[in-house]
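To start, the structure itself, in structure tokens.
Nothing in this text is a laboratory measurement; each read-out follows from the coordinates by a stated rule. Since the structure is predicted, the reported quantities are computational estimates derived from the model, not experimental observations. Ideal geometry is used to build each Cβ from the backbone, glycine not excepted, and the neighbour counts take in all protein chains shown.
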Amino acid sequence: MGLKGFSLVTALIAVVAYVVYQVLFAPLPPPKFDTTKYWGPSSRANRVEKTEVKPFKVDYTADVIAKLRNRLSEPLHLVEPLENVNFRYGFDKYMLEKLINYWRDDYLTRWDERQKYLNGLPQFTTTIQGLKIHFIHTKNQTVKAKNVIPLLLIHGWPGSVREFYEIIPKLNKAKDDTAYIVVAPSLPGYGFSEGASVPGLNPTEMAVVLRNLMISLGYNKFLVQGGDWGSLIGSSLATLFPENVIGYHSNMCAAMSPASTFKAFIASFYPSLFVPAEHADFFFPMGEKFAYLIEESGYFHLQATKPDTIGTALAHNPVGLAAYILEKFSTWTDKNNRDAKDGGLDKSYAKDALFDNLMLYYLTNSITTSMRLYAEAFGKQHFGLQIERVPVQVPTGCARFKHDLAHEFDWQLNVKFPKLIHSTYHRSGGHFAAMELPDVLYNDFTQFVKKLNITQ
Ligand SMILES: *[C@@H]1O[C@H](CO)[C@@H](O)[C@H](O)[C@H]1NC(C)=O
């Protein structure tokens, strides 16, 4: 090939590379959103929205609890598991029977006490974009701190605001002259928050709803923290409304763009060049990590495609619901729990905390509406936004917990989070960090905030 031919080939490669880069990888500007979109039933669309904030208390009568106890007294007819499989085929029958007994004969007999505990944090409801939204709102009236900063805490699935009951009191106290005003909403369609009546309330639209909630409470500048869906919703919030977000911290940072996948592929050849050697096992071997995700993500595909069908199997079915939700708390806390006789739940959580969370799904019959979020997130409309290619322009902190479902290293993350100022590795802990290791998450979060150098 002559010089001419060579230049032609080079030019061609350059053009192709440029086009591929533009189509797949180049950062995009933030999409425009209708921040007033209405999500309620059309029958209510013309009514004037009451945006008042009303105090809220969890308040179920003895009758509701007695009915649930009766249901839990019926014969279970569970099927004998295969020998020695523990949790490999799903929730173990014998462990489930034990937990149902505990739920019926212990937990529910103390419902008054549990309800009092749940009401120990002040809660409210208000209407945002046509939906009744429930939220915890705490501020310490007597705290003496130079900085008192509003913080939006966002939970995920199959969690709830219950995940934050241990960390909220810590956040309300002063440390390093800083304390937080905490707002922890139930996501639309979760627990006491109403779900949408029309399709389309995806994680990015949820970010709009939660941002509007903060604004309506008078918080124009706030911090955001979240894991699971809370992580994605929080990162969308920081993407769309950088003017409102002081900093974004997550215990499950994810940059799911083609560029970050490509970087993972490149890094898999020379891991040591891209990740700290002592924590390489968070990311590699990649084949093993990928296989694990495939093994554990059947629920995801189901919920993203037919949430209402699986919802039918779980709605008002306390035993099925317990198995479905607690299985996630077992495996996502540590994948080795699949080989434990008891699913390892007691090692990491107080039983009452797990049942509080379950009760929030059961009492509100919200499992179906909660699972629809998967369908909305993986719908064409949401993919079309390509929100993962719009960089977050606010300071970001990422905490990794060893046993979480998946992790991304800094080089992957900084496509989405160019201002990644805090990146940590915790050798223990799993997906539900706030509930499992509240002190560790609290310390990680406050270290991140320290780096923001906020002065009020
Ligand atoms: C308020 O803050 C003070 C000082 O940090 C702390 O001692 C107290 O426990 C906090 N009260 C609440 C209700 O969080």
- If the label point is 7 Å along Cα→Cβ of ASN46, which residues in region 187-228 have backbone nitrogen under 20 Å from it? 197-198
- Message: Contact order normalised by length for region 42-452, with contacts defined as Cα pairs under 8 Å and 6 or more residues apart; what percent is it?
- Response: 19
- Using amide H atoms built 1.01 Å from N in the peptide plane, name the residues 5+ places from ILE128, or on other chains, whose amide H lies under 5 Å from its own. ILE133
- Would you list ASP281, ASP176, ASP63 from fewest to most Cβ contacts within 10 Å? ASP63, ASP176, ASP281
- Message: Can you say what percent of the DSSP beta bridges in the chain, counting only those with both residues inside, are antiparallel? Round to 5.
- Response: 35
- Message: Just to confirm the filter: which trypsin sites (Lys or Arg not before Pro) across region 335-410 are DSSP coil and have at most 10 other Cβ within 10 angstrom of their Cβ?
- Response: none
- Task: Would you please classify the overall shape of region 42-452 from the alpha carbon gyration tensor, given that a ≥ b ≥ c denote the square roots of the eigenvalues, rounded means a/c under 1.5, and beyond that prolate means a/b larger than b/c while oblate covers the rest?
- Result: rounded
- Item | Shape call, region 179-249: gyration tensor on alpha carbons, a/c limit 1.5 | prolate
- Query: Where a Cα-Cα gap under 13 Å defines reach, which aspartates and glutamates qualify for LYS221, not counting those fewer than 8 residues away within the same chain?
  - Reply: GLU243
- Query: Residue by residue through region 299-312, which ³J(HN,Hα) values in whole Hz follow from phi under the Karplus form 6.51 cos²θ - 1.76 cosθ + 1.60 (θ = phi - 60°), with glycine and proline marked x?
  - Reply: 4, 5, 4, 4, 6, 7, 10, 10, x, 6, 6, 5, x, 4
- Arranged from highest to lowest average of other beta-carbon atoms within 10 Å per residue, in what order do the peptides 23-32, 302-311 appear? 302-311, 23-32
- Note on the structure: The pairs in LYS116/LYS341; LYS416/LYS450; LYS54/LYS306; LYS175/LYS419; LYS54/LYS450; LYS170/LYS347 lying past 29 Å Cα-Cα in this model are LYS116/LYS341; LYS54/LYS306; LYS54/LYS450
- Pull out a ≥ b ≥ c, the square roots of the eigenvalues of the alpha-carbon gyration tensor of region 1-143, then state rounded if a/c is under 1.5, prolate if not and a/b is larger than b/c, and oblate in the remaining case. oblate
- Note on the structure: Karplus-derived 3J(HN,Hα) from phi for region 55-64 (6.51 cos²θ - 1.76 cosθ + 1.60, θ = phi - 60°), whole Hz, x at Gly and Pro, runs x, 10, 10, 5, 8, 10, 6, 4, 4, 4
- Note on the structure: If the chain between VAL20 and ASP342 were fully extended at 0.36 nm per residue, the gain over the current Cα-Cα distance would be 110.9 nm
- Message: Loop only by DSSP, 14 or fewer other Cβ within 10 Å of the Cβ. Give me the trypsin sites (Lys or Arg not before Pro) in region 127-186 that pass, ordered by residue number.
- Response: LYS139, LYS144, LYS146, LYS173
- Please give every one of the aspartates and glutamates within straight-line cross-link reach of LYS146, meaning a C-alpha to C-alpha distance under 14 Å, and leave out same-chain neighbours fewer than 8 residues apart. ASP176, ASP177
- Message: With angles folded into 0 to 90 degrees, how steeply does helix 318-331 sit against the dominant principal axis of the chain? Use alpha carbons for both and round to 10.
- Response: 40
- Item | In sequence order, calculated HN-Hα J values of region 105-113 (Karplus, 6.51, -1.76, 1.60; Hz; x Gly/Pro) | 9, 10, 3, 6, 5, 10, 4, 4, 5
